[in-house]
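**Student:** Below: one structure in structure tokens.
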Amino acid sequence: MRIGALLGSVVLTLVIGLVSPSAAARAADVPAVGAKTAYMVDSAGTIHFAKRQTRRVPVASLVKVMTAYVVLREAQLGERIEVTAADVRYAASNGATTAALAKGERLTVRDLLYGLMLPSGADAANALARRYGPGKTAFVAKMNATARRLGLNDTRYTNADGLPSPSGAYSTAVDQVKLAKIALEDDTFRTIVSREVHKVARSSLQRAHTWRNTNKLLQSADGVLGVKTGYTSAAGFCLLFAGERGGRRVIGVLLGDQDARRFSTAERLLDHAGEQIAGS
């Protein structure tokens, strides 16, 4: 009995010795994440958080990141697109968030991208998809072809805005972070998603607009680059976010979370990544 107890004590000592105090402290400091799925990685490839990151789920308006990416590959930013009654009606009839566009306005692609990404306008999404499909069906086909080309093999799009559809769109936390990493390499995209407010001056071609970014993380945390919020009843509250920490770009996503909690959780996750980078 004494020998067994002695051996057990030795084994326990060896096991404890395998875990350094600093590693144990870092593990204890990982923020609690209530989102159904989540993932966060930095530009060096270090994974700082993962929770059911390969589960296929709806991602609501995070879909608009791919919409913007496809448009930026094809469009001239100064080109003007006329808003139709169908664009306005589509957003209104589906109870979607809008950029308050009006029939007959002719806005530049650049401004429509702001209307797409800051207030999350489904009317802007409809106008852009209609022009650069051309037609919504062709545009969604481009979105899915781009997803395959980028290696987003667990992502499927059914529209350009993220509204629920009978055929069922989905993605994963891993795929959303991959897409954000690629999209943020585009200077125009990065400028748009990091802007808190964008104003369009009234002219003979358009009404005046003031669009405010729905991403509250831009106001509450330092070094934040964007990226996009989303919500549907099926997807819950979602947040795709990015920030600079310790000389690295950190990108993360929270899917199926609560409204205010997603922003506070994202801020804690960014700080956690910063601490890990500083200690590496």
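The values are calculated or read from the model by the stated rules, or taken from the named source; none is laboratory data. Everything numeric here is computed off the predicted structure, so don't read it as measured data. Quick reminder, even Gly has a Cβ in these numbers, built from the backbone with ideal geometry, and neighbours come from all protein chains shown. Side chains are part of the model used for accessible areas, which takes the heavy atoms of the whole protein and leaves out ligands, DNA and RNA. Shrake-Rupley method; radii C 1.70, N 1.55, O 1.52, S 1.80 Å.
**Student:** Condition test on residue 50, is it open to solvent by 10 Å² or more (accessible area, probe 1.4 Å), in contact with an Asp or Glu (Cβ under 7 Å, 6 or more places away or on another chain) and closer than 21 Å to residue 259 by Cα? Give the derivation first.
**Tutor:** Working: open to solvent by 10 Å² or more (accessible area, probe 1.4 Å): yes; in contact with an Asp or Glu (Cβ under 7 Å, 6 or more places away or on another chain): no; closer than 21 Å to residue 259 by Cα: yes.
No.
**Student:** Would region 114-127 turn up any residue that is more than 23 Å from the chain's Cα centre (by Cα), in contact (Cβ under 8 Å) with a residue 12 or more places away in the chain and over 17 Å from residue 212 (Cβ atoms)?
**Tutor:** Keep residues of region 114-127 that are more than 23 Å from the chain's Cα centre (by Cα), which gives none.
No, there is no match, as no residue in region 114-127 is more than 23 Å from the chain's Cα centre (by Cα), in contact (Cβ under 8 Å) with a residue 12 or more places away in the chain and over 17 Å from residue 212 (Cβ atoms).
**Student:** Considering only residues of region 173-209 that are basic (Lys, Arg) and more than 15 Å from residue 228 (Cα to Cα), which is surrounded by the most Cβ atoms within 10 Å (Cβ to Cβ)?
**Tutor:** Narrowing region 173-209 to residues basic (Lys, Arg): 178, 181, 190, 195, 199, 202, 207.
Retained after the next criterion (residues that are more than 15 Å from residue 228 (Cα to Cα)): 199, 202, 207.
Working: 199: 11, 202: 9, 207: 15.
For region 173-209, the residue satisfying everything is 207.
**Student:** Let me ask you something else. Answer yes if at least one residue in region 144-162 is surrounded by fewer than 23 Cβ atoms within 10 Å (Cβ to Cβ), touching a helix residue (DSSP H, G or I) at 6+ places or on another chain (Cβ under 9 Å), part of a loop (DSSP other than H, G, I, E, B) and of a type in the set (Ser, Thr, Tyr), and no otherwise.
**Tutor:** yes
**Student:** Also, quick follow-up: Would a scan of region 161-178 turn up a residue that is β-branched (Val, Ile, Thr) and farther than 29 Å from residue 142 by Cα?
**Tutor:** For region 161-178, residues β-branched (Val, Ile, Thr) and farther than 29 Å from residue 142 by Cα: absent.
**Student:** Given (1) in a strand (DSSP E or B); (2) in contact (Cβ under 8 Å) with a residue 24 or more places away in the chain, where does residue 205 come up short, assuming only one miss?
**Tutor:** (1)
**Student:** Now for a different question. So how many residues does region 156-195 have that are acidic (Asp, Glu) and in contact (Cβ under 8 Å) with a residue 40 or more places away in the chain?
**Tutor:** Number satisfying all stated conditions: 2.
**Student:** May I pose another question? Could you figure out which of (1) within 13 Å of residue 224 (Cα to Cα); (2) surrounded by fewer than 19 Cβ atoms within 10 Å (Cβ to Cβ); (3) basic (Lys, Arg) isn't true of residue 261?
**Tutor:** Going through the list (1) within 13 Å of residue 224 (Cα to Cα); (2) surrounded by fewer than 19 Cβ atoms within 10 Å (Cβ to Cβ); (3) basic (Lys, Arg), residue 261 breaks only (1).
**Student:** So which residues in region 74-90 are free of Cβ contacts under 8 Å to residues at least 40 places away in the same chain and out of contact with any Lys or Arg (no Cβ under 6 Å at 6 or more places or on another chain), if there are any at all?
**Tutor:** 76, 78, 79, 89, 90
**Student:** Here is a list of conditions, (1) modelled with pLDDT of 95 or more; (2) closer than 14 Å to residue 63 by Cβ, and residue 113 meets all of them except one; can you say which number that is?
**Tutor:** Evaluating residue 113 over (1) modelled with pLDDT of 95 or more; (2) closer than 14 Å to residue 63 by Cβ leaves (2) as the failure.
**Student:** Let me ask another. Answer yes or no as to whether residue 21 is modelled with pLDDT under 95, of a type outside the set (Asp, Glu), open to solvent by less than 60 Å² (accessible area, probe 1.4 Å) and closer than 30 Å to residue 275 by Cα.
**Tutor:** no
**Student:** Of these, 73, 89, 110, which one is in a helix (DSSP H, G or I), open to solvent by 10 Å² or more (accessible area, probe 1.4 Å) and over 22 Å from residue 137 (Cβ atoms)?
**Tutor:** Sole residue among the options that is in a helix (DSSP H, G or I), open to solvent by 10 Å² or more (accessible area, probe 1.4 Å) and over 22 Å from residue 137 (Cβ atoms): 110.
**Student:** Of everything in region 224-270, what is of a type in the set (Lys, Arg) and under 14 Å from the mean Cα position of the chain (by Cα)? Give them in sequence order.
**Tutor:** Answer for region 224-270, where residues must be of a type in the set (Lys, Arg) and under 14 Å from the mean Cα position of the chain (by Cα): 228, 262.
**Student:** Of the conditions (1) out of contact with any helix residue (DSSP H, G or I) (no Cβ under 6 Å at 6 or more places or on another chain); (2) under 25 Å from residue 186 (Cβ atoms), residue 230 satisfies every one except a single condition; which number is it?
**Tutor:** Unmet for residue 230, out of (1) out of contact with any helix residue (DSSP H, G or I) (no Cβ under 6 Å at 6 or more places or on another chain); (2) under 25 Å from residue 186 (Cβ atoms): (1).
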